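I have placed the structure first, in the form of C-alpha cells, so that the comments after it can refer back to it.
The values are calculated or read from the model by the stated rules, or taken from the named source; none is laboratory data. Small disclaimer: the values here were computed from a predicted structure and weren't measured. Cβ: placed from backbone, ideal geometry, glycine included. Neighbour counts: every protein chain shown.
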Amino acid sequence: MRSRRNLYISLIMISAIAAVWIGLSLVVTNSYYQLMLTLVPIWAVLGLSWNLLSGYTGLVSFGHAAFFGLGAYTVTIALVQYDITPWLGIPLGMVVGTVAGVVIGYPTFRLRGHYFALSMLAYPMALLYVFVWLGYQEVALPMKRAAPGYYMQFSDYRVYIALAVALLVVSLLISLAIERSRFGLSLLAIKQNEPAAEAAGIDTLAWKMRAIMLSGALAAAAGGLYAVVQLVVTPDSVFGMLTSAQALIVALFGGVGTLWGPLIGSAILIPLSETLQANLGDKIPGIQGVVYGIAIILVILLAPDGIFWRVRDFLRRPRAAGLGPVNPIAPPLAASAPEPAPPQRQAILTVSNLSKSFGGLRAVADASFTVGDGEILGIIGPNGAGKTTLFNLLNGFLPPDGGNVSFTGHELIGLKPNRICRLGIGRTFQVVRAFARLSVLDNVVVGAYARTARDAEAVAAATAALAQVGLVGRAGALAGSLTNKELRLMELARALAGQPRLLLMDEPLAGLASHEIEDMLEVIRALAAQGTTVVIIEHTMRAMVRLAERFIVLDHGAILATGHPGDIVKNESVIEAYLGKKWAAIRAHG
Amino acid sequence: MTPFGTFAEIFIQALVAGILIGAIYGLMCAGLGIIFGVMRVINFAQGEFLMLGMYFTFYLVIGYDLLWFLGPAVGPYVGALIAGPVLFVFGYFLHRFVISRVTGTSVAGTESEGHYPQLILTLGIALVLQNGGLILFGSTPESVRTPLSSRAWELPLLYNANAALFLNKARVVAALVSIVVAGALYLLINRSRLGKTLRAAADNAAAATYMGIDVDRAYRIAFGIGIGITAIAGGLVATYNPFQPYIGLDFVIIMYAGVVLGGMGSILGAFWGGMTIGLVQQLSTLVLPTQLQNAAIFVVFLLIVMVRPQGLFGRATERI
Amino acid sequence: MLTVERLTVAYGGLTALAEVSLAVRAGQFVSIVGPNGAGKTTLFKAISGTVRPSAGRILFEDADLLSVAPAQRAHFGIAHVPEGRQVFASMTVLENLEMGAYPQAGRQEWARNLERIFALFPILAERRGQAAGTLSGGEQQMLAIGRGIASSPRLLMLDEPSMGLAPVVADVIFERVEELHRDGLTILLVEQRVAEAVQSCDFGYVLETGRVVLEGTHDALLADDRIRSVYLGM
C-alpha cells in the first residue's frame, strides 16, 4: 500500500515525539505544565479515537464523550467500590467502551448524516443525566497510601506523563496500522462513496462496526487515564458537551483522516486554551470555549480538512503539476483481434420478469433477457427508460417488486451489493468519486479486497488491473491529478481488481472526446477478449456499434427489441421510442 | 380522597403542566422547524439563540428597565416579543456572512448537502455564543420574574371538593403568548406572499430562481425568522425558568426531538411535536425521578429517529 | 427576440456547447432537438443563468442577458418550464401558480392569466387545492406550463416536456402548447422526441454533442433523413 519508506518515517516520528515528550517531562518542574504534558496526550488519544470513526468514515460523531465517560467511570467505580486497581480498571473500561460501541453503533449506523450526528449527541447527554441520578455527582478516587504503585498512584508526576505518552504511542501505532491496511482504505472508500464501496465488495456495516468498537475502546482508555490523573470525576467533566466537542475539534483542527491530525490539534489547542484559562480564567471565564469556537469556525471555512492537509496540499502542489512524468498510456495488454463470436454462448445471467415501480411510475416493466458468457451486450434507450434502475436491481441496490435474477446458478434477489460483488459481478458508476489525495493504486486496491484477505495479493491484483486498462504507468500518481478519461479508466480498474466474471458499466463513454472514446473502446474490447462478460449502458448506439454484438433497447422500463445493430435500427418501435410515434407517419405523408 | 382521586389529581396536574410547557416548546420547535425542517440546515447553535433571547429580555426589562412604563406584569412579555425582531436581524446577517458559506446554492447538489460543514460551523458558533455569554453575562443564574410568577389560579376539579388544579399564572400567560405568536407565524408562512416565497425557495431552489425569486435572500430571511421565533420563545421561558449562559444545551435535544417528531417540512407539525415533547417530559415525572425526565426525551428522540423518521405528521417520503 | 451568438459552455475539461448560434423571432415556435447529451438542457441553463458560458453572447431584445442575474431574468419576460417539471411539491397547485406570477407583469395580469390557465388545463382548476407533489406526471407538466404562463411571459421556454410521460399524455401537452402558440406566444421548445417538436415548429435546430448539425424550416427538416442517423448512430 504505502511504501516501506513512509512506514519507517512514521515510526521514527512517533519515537521522536515520545522521546521529546519524555525529555520535556524530565526538565519541567512547574506542576501546571506537568499537568499539561499529561493532558495533551490524553486529549490526543481521544482525538485519535474520534478520527478512527468519524475522520475516516465521514460519519460525524458528537458523542465520543459517552465512551470517554464510561471509561472514566469504570475505572473510578471499580476502584471506589470494588478496590480494583486502575491497571486492571483501564482495560476493563476499554471492554466497556467496545461493548458500548456495539450497542450504540448497531442501531445508529442505520441513520444517515445529520440524524446520525444528532443521535450520537443524545447518548452522552442521556448518560450524564443517568449518572447524576445514580448519585455520582462527584466521585473522588481514594488515596491508597499503602501500595500506591499498585493503584497507579505516583508521587512523581513524571510517571503519569510517561503513562500518557505510552497510551499515545500505542494509539498512534494502532492508527498507523489501520491507516496502512485495508481497514483504513475500506473506511475511506465508505466515506468517499458508500454505494460504490458496497458494489466493490466492501461490507460497509461490518467495517463501521469494527471502527466504532475500536474507537470506543481507545476513547474509554483515554477516559480511564483521565480519571486517574484528575483524581476527581464529575458527570459533566467526562460526559459533557465540551468533551465531545474537544475530541472533534482537536482532530478537525489538526487534520481529519490522518493520525497526525489529532496530535497537531492537541499540541496547538490544548496548551493555548489551558494557558488562556489559567491566566485569564478569572477575569474572562469561558475564554477556553471562545477560543475553541473561533478555531473551529476558522478551520471549517478556511481549511475544511484541517491544517495537516492544507499544509501537505501546499507542499505537494508544485511537484504534482510540474514534474509529473507524462507517461504515455501503455497500450492495453493482449489487444489481439477479438475472436469470432462462438455461435452459441452459455447464459451466465438470466433475468426473468423483473419489475420495479416507484409510486405510480413503472421504472422497469417485466423485463426478461439473458447475457451470454463472454459477450458484449449493449443496453440503450432514451432518457428515463429505466436503464440505471435496471442495473441497480441487478446489483442489489434496489429490491425488485417481482421477478428473478440468476447468475451462474445463484439467485441474486435479496443479496446485499457486496455479496453480489463477491459472486463475480462488478460495476462502474457514471460519477467517479476518487480519493484525490491518495495514489491511483490506493484507489484501485479497495476493489481487490473482496477477492483476497491478504493485502499483498490485493496489491498485486490491483496492479494487474491497472495494467489491463493501461494505467500502470500512473499507479503512483495522485488521483487528483488525473484527466477525465484516466479517472474513468481508474474506476474501471477498481472494478476489475475484483476479477469479476460479469462487468456492468454505466455510461462509460459519457463526456469523453471522440479520440478518448476510441481508447476506451479498445480497453473494453480487450477485456472481453480475455473472457470477461460486459454489459454496457449507453444512450445511443453510435459509439457502441463497433463494440457490442448485441443490443437491448429499453423504453419506459420495457424491452422493445433485442438483436444486432442492423436490425435494431430498422425496428419501428425503436424508431418510435427515439423519434416519436408520428415520425414515421409524417415522413410517410410528407 | 381515594388513591385514585389523588392519582387523577396528580395526573391532570402533570397533563396541564405538559400542555403549558408544551406550548412554549412548540414555539421554539416551530422556529427550528423553519431552519431545519424546511431549509434542511443543521443549526447546532439553536439553543444559544434561545439563550440570547432570554438575556435580551432580561437586560431590556430588568437590567436597563427600558419598559418600565408597561409595568412589571406586561413588560417581560413585550420584552420577549421585541427580542424577536432584534434577533431576526442578527440571524439575517449571520446567515449572510457566515452560514451561507456552507448552505444553499453553494452546496446544493453535493452528496451530503453540506451537512458536515454546517454541523461543525454551527458548533463553533454555539461555543462562541455560550462562552461569550459567560464572559458578558456572568454565570449567576438570572430570571425575569413578574408578579404573576408566584401566583396561581386554583381550579377545583369537579369530582371531589378537595381536588384542585393549580395553574401558575406566569406559565399560563407565557403559553398563551406562545400560541398567539405561533399562530401569527403560521399565517405568515402559509398565507402571506412572503411566506409562500420562502416555502418555494426551500422546496426547490432552482425552480424558484426560474420564477424570479432571489433564493439567497429568501434563505437569509427564513433563517432570521427561525432565529427570531426561537428568541421569543426564549424570552418567554425566561419568565418562569432561571437561566445561565449554558442553558441552550438543555433545549437543543428538545427542539430537535420536537421537529423530528412532528415531521420534517411542516412547521405546524413542529409545533405539535414540541407540544408532545412537553407532555412527555411532564408526564414522565409521574413514573421517573425528575433528574431523568430529560433522559426520557432523549430516548423518545432516538426511538422516533429509528422507528418512524418521518415523524407523526411528515410525509413517508422522508428518507433517513 | 432572442439571439444566441456562438455560445460556448465548458467545464471540467468537458465542452457541453461549442459555438452554438440560434435565433428566435417574436411569435415564432422554435424547436431544438437532439439525442441525449447533445447539450440541449445546458443551452437552456445558459439562457436562464444557472450555467455561465465561457464564450459567446445571449441577447434578449437587445439586452445583454449575461449581465443580468439569474433571478432577474424572469422579470424580463423569460419563462422557463424546467426539465422534469420541478413543481413545488409541498405547495398546492394554486400556490404554485401564484409563485409563477412573482414578476410584476404576472401580478398585474393575475386574474386574466389564471382564467386562461384554467381554460387550457381544466384539471388544474379541479385540483387547485391539492399538493403539487401528489399530481400525476402529466398534471405536473400542465402545472409547470401554467406556472410559466402566470408570469405573463414574452418568451416561453419548455425543456423536454414529454419526458417520462405516457405518449397519450404527451400528445395532449403538445396540443396545448400549439394552442398557446396560435394565441401569439413565442415558444422555444427543447425535445428529445423529434416528431412533435418538428411538426409544430416554424424553425428547428438539431444539436449533437454540443454543436448545431442541422437547421432549417419545418418543411426542410421533415424532408431530411439525416435526423435519424443523428439519433441512432447509423
Test: residue in the range C:33-46 that is out of contact with any strand residue (DSSP E or B) (no Cβ under 7 Å at 6 or more places or on another chain), facing chain B (nearest Cβ under 10 Å) and within 29 Å of C:Leu124 (Cα to Cα): yes
Candidate set from the range A:260-278 (those that are more than 14 Å from every other protein chain (Cβ to nearest Cβ) and modelled with pLDDT under 85); member that is surrounded by the most Cβ atoms within 10 Å (Cβ to Cβ): A:Ile270
Some residue of the range B:53-70 being at pLDDT 85 or above, surrounded by fewer than 24 Cβ atoms within 10 Å (Cβ to Cβ) and within 14 Å of the chain's Cα centre (by Cα): no
Test result for A:Ser25, under 20 Å from A:Leu269 (Cα atoms) and either in contact with an Asp or Glu (Cβ under 8 Å, 6 or more places away or on another chain) or surrounded by fewer than 24 Cβ atoms within 10 Å (Cβ to Cβ) (or both): yes
Inter-residue pairs, beta-carbon under 8 Å, first farther than 16 Å from B:Leu81 by Cα and in the range B:166-190, second acidic (Asp, Glu), 6+ apart: B:Phe166/B:Glu154; B:Leu167/B:Glu154
Near pairs, Cβ below 8 angstrom, 6+ apart or cross-chain, from the range A:468-479 (closer than 12 Å to A:Ser439 by Cα) to any residue that is among the basic types (Lys, Arg): A:Leu478/A:Arg316; A:Leu478/A:Arg437; A:Ala479/A:Arg437
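Yes or no, residue by residue, for (1) closer than 18 Å to B:Tyr25 by Cβ; (2) among the polar types (S, T, N, Q); (3) within 12 Å of chain C (Cβ to nearest Cβ); (4) in contact with a Phe, Trp or Tyr (Cβ under 8 Å, 6 or more places away or on another chain):
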{"position": "B:Ala174", "(1), (2), (3), (4)": "yes, no, no, yes"}
{"position": "B:Ile179", "(1), (2), (3), (4)": "yes, no, no, no"}
{"position": "B:Leu188", "(1), (2), (3), (4)": "no, no, no, no"}
{"position": "B:Arg217", "(1), (2), (3), (4)": "no, no, yes, no"}
{"position": "B:Thr230", "(1), (2), (3), (4)": "yes, yes, no, yes"}
Pair list, Cβ under 6 Å, 6 or more apart: the range A:285-310 residue more than 10 Å from chain B (Cβ to nearest Cβ), other residue basic (Lys, Arg): A:Ala303/A:Arg310
Identity of the residue in the range A:226-251, at the interface with chain B (Cβ under 10 Å from one of its Cβ atoms) and touching a Pro at 6+ places or on another chain (Cβ under 9 Å), that ends up nearest to B:Ala126 (Cα to Cα): A:Met241
Among the residues listed as C:Ser200, C:Ser151, the single one being at pLDDT below 90 and at negative phi: C:Ser200
Condition check for C:Gln141: in contact (Cβ under 8 Å) with a residue 24 or more places away in the chain and under 30 Å from C:Arg107 (Cα atoms): yes
Within the range A:224-250, considering residues that are in contact with a strand residue (DSSP E or B) (Cβ under 9 Å, 6 or more places away or on another chain) and assigned to a helix (DSSP H, G or I), the one nearest to B:Pro117 (Cα to Cα): A:Tyr226
Residue count, the range A:139-158 (criterion: more than 40 Å from the chain's Cα centre (by Cα) and in a loop (DSSP other than H, G, I, E, B)): 12
Filter pass, A:Leu377 being at pLDDT 85 or above and not in a strand (DSSP E or B): no
Cβ-Cβ under 6 Å pairs, at least 6 apart or on other chains, the range A:122-137 side at the interface with chain B (Cβ under 7 Å from one of its Cβ atoms), far side buried (at least 16 other Cβ atoms within 10 Å of the Cβ) and modelled with pLDDT of 85 or more: A:Val132/A:Pro235
Exclusive hit being touching a helix residue (DSSP H, G or I) at 6+ places or on another chain (Cβ under 9 Å), in contact (Cβ under 8 Å) with a residue 60 or more places away in the chain and buried (at least 24 other Cβ atoms within 10 Å of the Cβ), set A:Leu252, A:Leu218: A:Leu218
Filter pass, A:Glu516 being over 35 Å from the mean Cα position of the chain (by Cα), in the same structural domain as A:Pro417 (by TED's automatic domain parsing), outside any strand (DSSP E or B) and more than 27 Å from A:Thr408 (Cβ to Cβ): no
Qualifying residues in the range C:107-152 (those that are more than 12 Å from chain B (Cβ to nearest Cβ) and among the aromatic types (Phe, Trp, Tyr)) - the one nearest to the chain's Cα centre (by Cα): C:Phe121
Candidates A:Tyr106, A:Tyr123, A:Tyr56, filtered to the one that is of a type in the set (Phe, Trp, Tyr) and surrounded by fewer than 19 Cβ atoms within 10 Å (Cβ to Cβ): A:Tyr106
Condition met for A:Val139 (modelled with pLDDT of 85 or more, under 23 Å from A:Gly97 (Cα atoms) and surrounded by fewer than 22 Cβ atoms within 10 Å (Cβ to Cβ)): no
Any hit, the range C:205-219, residues being within 12 Å of chain A (Cβ to nearest Cβ), aromatic (Phe, Trp, Tyr) and over 21 Å from C:Arg127 (Cβ atoms): no
Entirely in the range C:135-234, the helices (runs of 4 or more DSSP H) that have 1 or more residues that are crowded, with 18+ Cβ neighbours inside 10 Å and of a type in the set (Val, Ile, Thr): C:137-149, C:167-182, C:194-200, C:226-232
Top-ranked residue of the range C:82-106 - restricted to ones that are under 15 Å from the mean Cα position of the chain (by Cα) and facing chain B (nearest Cβ under 8 Å), ranked as farthest from C:Met163 (Cα to Cα): C:Gly100
Qualifying residue in the range C:153-160 (condition: closer than 30 Å to A:Ile575 by Cβ, within 16 Å of the chain's Cα centre (by Cα) and within 14 Å of chain A (Cβ to nearest Cβ)): yes
Helices (runs of 4 or more DSSP H) completely within the range B:112-231 that count 2 or more residues being within 23 Å of the chain's Cα centre (by Cα): B:115-137, B:169-191, B:193-203
C:Ser67 being more than 23 Å from B:Arg191 (Cα to Cα), of a type outside the set (A, V, I, L, M), without any contact (Cβ under 8 Å) to a residue 24 or more places away in the chain and more than 8 Å from chain B (Cβ to nearest Cβ): yes
Top-ranked residue of the range C:99-124 - restricted to ones that are over 20 Å from B:Arg193 (Cβ atoms), touching a residue at least 12 places away in the same chain (Cβ under 8 Å) and not aliphatic (A, V, I, L, M), ranked as surrounded by the fewest Cβ atoms within 10 Å (Cβ to Cβ): C:Arg116
